[in-house]
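A.B. asks: Structure provided below as structure tokens; questions to follow.
Read-outs: derived from the displayed coordinates by stated rules, not from any lab. It should be emphasised that the depicted structure is a prediction, and the values quoted were computed from it without experimental measurement. Neighbour counts run over all protein chains shown; Cβ positions are idealised from the backbone, glycine included.
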Amino acid sequence: MTAATHLHNQLGPAGIEAVGGKTWWQWREDDTPLKAEWIDMRNQYNLRKQRGEECTRCMLYIHGGAYYFGSVDEHRYQMQRHARKLQARVLAPRYRLAPQFPFPCGLLDCLAAYLHLLTIQPPETILLGGDSAGGGMVVALLVLLRDQGIPLPAGAILLSPWVDLTHSFPSVAGGNEFDYIPANGFVHRPSRSWPPPNSDDLAIFDNLVAQGCSTAAARASVLEKELHDASPDPKGYAIIPASANSQAAPIPGARSANLSLEIDGKIVEIKDQIQIYATNALLSHPLVSPVLTPSLGGLPPLLIQVGGGEMLRDEQIYLAHKAADPARYPPPEEQLAVQGAHAADVKKWPPTEVQLQVWDDLCHVAPTLSFTRPAKWMYRAVAQFGVWALARAQNVDIAIAQLHAQEVEEEASVISSDSDSIASDSSNEETRGRRGTKTRLGRSRSRRKSSVVAAQHEAILNDASGASIVFVGQPGEPLPAFPHHILRQRVTRHGEIFPLAPASELPGCIMPSSQIGRIKAGPVRKWLATQVEWDKKYAKEKRSVQEQRMKEWTQIANNDETDDRVLKNERPPPTALVGRKREPKKKIEQNRARSIGKMGLKMWSGWGSKHDDVVVEKRERAMSRAVVADGDDADEDKESKSRSRSRRASKVGRSRSRNQSQVPVMGDAGVPSMSGAEIKELLLDYSVIPPRPFAAGATTAPPPPIVLNNGEEELDKGTLQETRRPSVVRFFTAKEEL
């Protein structure tokens, strides 16, 4: 059964009608395949290959970005770090993004990626992971898998998931001074992609159809007159006095109805589309806002990491409690009726095991700031949960390679402490050793000092009552018991764990269920303030974009004439690329070439991976010291000098590489390539190609086609691309077409 069939069954007739049809969201521009990227640590890959072992740890990671920005390139370092910590490989799909590909396009792509993964990995070896919008996508995907009877993964990791697109929880209305997300949300200058026609424009189209204008030519002539006679006011809202005849409609509903609510004695009616991912009518759909799903029970174990200072914290905390106790947190009755569900569906599934971590004062998706100490603890918590969930699903003892022994991990970390850390002295000693200035005597002193520091540390960790403070565990350590199916933890930026406040004191948990999924005055006030300002700046541009998009949409929608993308009897959302006039092929290629040159986000992952280079190198040195007995002083000094020369040579190599290629040359694939001499210098004894973000060109022979179980989706191209930077890098990628 295809991914599209599963999604069609999950949506049902009402859902198919709400999204505008059952085929438009399957369309891909120029029939381009879905691509995904493998990320693995080189040493783990080589070890499995030597032993002939199958991978027993795999993660499908869905990147965030509010469903309309972000990419695998931007998130590659985060996934690389998860792969290193978990000793797993990561598959990252390049799913389609809004506004050109709105809901449910991205969900279909992620489902197809998971179905493909099931053909090469048992479900008990798979973890799902995602941040922000990617976390919300993971929850929607898990619900779909559960309802459709598809094998569930071993667990899921949700990093600040965005699960309520109606913004109905209290924290969204706050100031949120600890978060980097703008208090009034993201705003955009009018462009070809945004904003779409508002509800007034769509009402004009409905009238044209009602008047019998069935052809594109007839609609175009009438539309020109309608738009000319219409008010030129570009405002996406209307404010009318409240009266007995005017009632607010704060719940997303039918396509023709506008969202509205009463503010200060007046009715504010919203005409513009609020969220880029979905139309206003779909904001409360359970696959768009998973908090409105009848039940989140029956899912695999979940780790939900929440930033205590982020804007979306209340909905994330509510999500965790709803999954652990579905019967206590039902959706509003109106939502059950709209979804065609019943009260019995709330109790249909057993509770889900949930580990909830609320990190003091942290921002949205704090692991993105990978150079900070809290991020280190968060990555460690993810690894501990992931190893535990995989061992639980596979019914084996919790085990991870000796590389994750606590002493080695502590010594290997290069961001484990700062000036106020109790272990700062030993950390500084290790830093000096990394520069090649530590002697055998210095190492002996450091070891003796570390034992003293450890004793002092143990004493400080005991409070007045004699109870020890608990820290985030290492990968391979078991998790505590889940009381009432939920492990509720408050974590400091130092990795210290304390009990979370009772649910009765958490705003997201005491909110009446009838208020969930309703738009609120606080977020709407912020939205209005921004709209007023931007309408003054870009009123003319905005109206021009909306009129042009309206003309294109009326020409394409239900057209039966010449366009090869015509979807008869369907009505895709107004932002969808399938309903837009096709650009000339030459212009499309020019736009793509310009976009490829903007590599800022790709450079972020390249910069961040330097941390892993150092960590892996230090870990190998630590393991060699643990395994090999101490030798002569002269031998150790010789080895130390050799390592120093190697580091200096590596630095010289990096400098030469940068000087030789100040201006990258664009290769056939449209991304910068390198000369043969440079490639030969960098590759050494590996059959690899230049590193990201300059990866392109050489590939191995493509493997034979892998036909999925549905017989219709095919993995007909798979190119292994191992990457290498001027410094030592131990991860590679493999791009696949699903």
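A.B. asks: Specify which residue in the list THR56, GLY20, GLN80 is farthest towards the positive end of the charge dipole of the stretch 15-81, using unit charges on the beta carbon of Lys, Arg (+1) and Asp, Glu (-1), about the Cα centre.
C.D. replies: THR56
A.B. asks: For the stretch 161-211 and the stretch 466-541, compute the distance between their C-alpha centroids and round to whole Å.
C.D. replies: 21 Å
A.B. asks: A further question on this structure: Rounded, prolate or oblate, given the Cα gyration tensor of the stretch 262-377, with a/c below 1.5 counting as rounded?
C.D. replies: Oblate shape, in that a/c is at least 1.5 and b/c is the bigger or equal ratio.
A.B. asks: Give me, ordered by chain and number, the residues 5 or more places off PHE471 or on other chains with an amide H under 5 Å from its own placed amide H.
C.D. replies: The list, which skips near neighbours in sequence, is ILE497.
A.B. asks: Could you tell me which of rounded, prolate or oblate describes the stretch 485-557, using a ≥ b ≥ c as the square roots of the eigenvalues of the alpha-carbon gyration tensor, with rounded for a/c under 1.5 and, failing that, prolate when a/b is larger than b/c and oblate otherwise?
C.D. replies: prolate
A.B. asks: Quick one: which residues, 5+ away or cross-chain, put their amide H under 5 Å from the amide H of GLU353? H built at 1.01 Å from N.
C.D. replies: Hits under the 5 Å cutoff: LEU302.
A.B. asks: So who's got an amide H within less than 5 Å of the one on ILE274, skipping anything under 5 residues away but keeping other chains? H placed 1.01 Å off N, in plane.
C.D. replies: ASN280
A.B. asks: Could you rank the peptides 150-158, 128-136, 2-10 by their average count of other C-beta atoms within 10 Å per residue, with the highest value first?
C.D. replies: 128-136, 150-158, 2-10
A.B. asks: Between ASP200 and PHE371, what length comes free when the chain is fully extended (0.36 nm per residue of separation minus the Cα-Cα distance, one decimal in nm)? Could the numbers behind the result be given before it?
C.D. replies: Working: separation 171, 0.36 × 171 = 61.56 nm, distance 4.81 nm.
Value of the extension gain: 56.8 nm.
A.B. asks: Sort the following peptides by mean Cβ neighbour count (other Cβ atoms within 10 Å, averaged over residues), highest first: 530-543, 344-357, 101-114, 327-340.
C.D. replies: Order by mean packing, descending: 101-114, 344-357, 327-340, 530-543.
A.B. asks: Please go through the residue pairs LYS235/LYS520; LYS235/LYS551; LYS49/LYS85; LYS322/LYS520; LYS35/LYS322 and name each one whose alpha carbons sit more than 23 Å apart in this structure.
C.D. replies: LYS35/LYS322
A.B. asks: Hey, another quick one. Place the peptides 190-197, 45-52 in order of packing, highest mean first, counting for every residue the other Cβ atoms within 10 Å and averaging per peptide.
C.D. replies: 190-197, 45-52
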